[in-house]
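First comes the structure, then the notes that go with it.
The values are calculated or read from the model by the stated rules, or taken from the named source; none is laboratory data. Remember, it's a predicted structure, so these values are computed and weren't measured experimentally. Here the Cβ positions follow ideal geometry from the backbone for every residue, glycine too, while neighbour counts run over all protein chains shown.
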Amino acid sequence: MRRAVNRVATGHRGRIVSSRILIVEDDPILTLMFENELVSLGHRAVACADCVETALSALGAFDLDAAIVNAVLSNGESGGPVAAALSAKGIPFLVATGGFIARPEAAFAGQPVLMKPFSRQDLERALAVIGR
């Protein structure tokens, strides 16, 4: 009788990784970059959202291990409500931004920041800070 073998993905440097990550980003090119870089690091983007409403819906629909949240979405919409919901659920996240124009919202306080543009190494370091 053959036994089923469970394979665990190992990522860069042999770490065990398989994080399910939500991407909240309004720029489709950056969303694609995030998806590709996450895959190359052994992670999986389970959902992508370009606005708060879609992100909150995804938060309720998927089991997530982490998230990447753009601080300011299209039409000036803040990612703050998504950050607050992630914090309430205990889901770690990092803040992606091209730079804060005003003082960051309280929901972003203490979270690691990934500055755009970013490299694969920048993303990997930021994910390591949140334990992914």
Q) List the pairs whose first member sits in region 27-38 and is within 22 Å of Gly76 (Cα to Cα) and free of Cβ contacts under 8 Å to residues at least 60 places away in the same chain, whose second member is outside any helix (DSSP H, G or I) and among the small types (Gly, Ala, Ser), and whose Cβ atoms are under 6 Å apart, counting only residues at least 6 apart or on separate chains? A) none
Q: Being at pLDDT 95 or above, crowded, with 17+ Cβ neighbours inside 10 Å and closer than 14 Å to Leu127 by Cβ narrows it down to one of Val17, Val69, Val24, Val52, so name that one.
A: Val69
Q) When residues of region 78-100 are filtered for being modelled with pLDDT under 90 and closer than 16 Å to Asp27 by Cβ, how many remain? A) 2
Q) How many residues does region 48-77 contain that are small (Gly, Ala, Ser) and touching a residue at least 24 places away in the same chain (Cβ under 8 Å)? A) 7
Q: State which residue pairs qualify: first residue surrounded by 13 or more Cβ atoms within 10 Å (Cβ to Cβ) and inside region 104-126, second residue part of a loop (DSSP other than H, G, I, E, B) in any location, beta carbons under 6 Å apart, and separation of 6 or more residues or different chains.
A: Lys116/Gly98; Glu124/Leu41; Ala126/Pro112
Q | region 60-88: number of residues that are of a type in the set (D, E, K, R) and in contact with a helix residue (DSSP H, G or I) (Cβ under 7 Å, 6 or more places away or on another chain) | A | 1
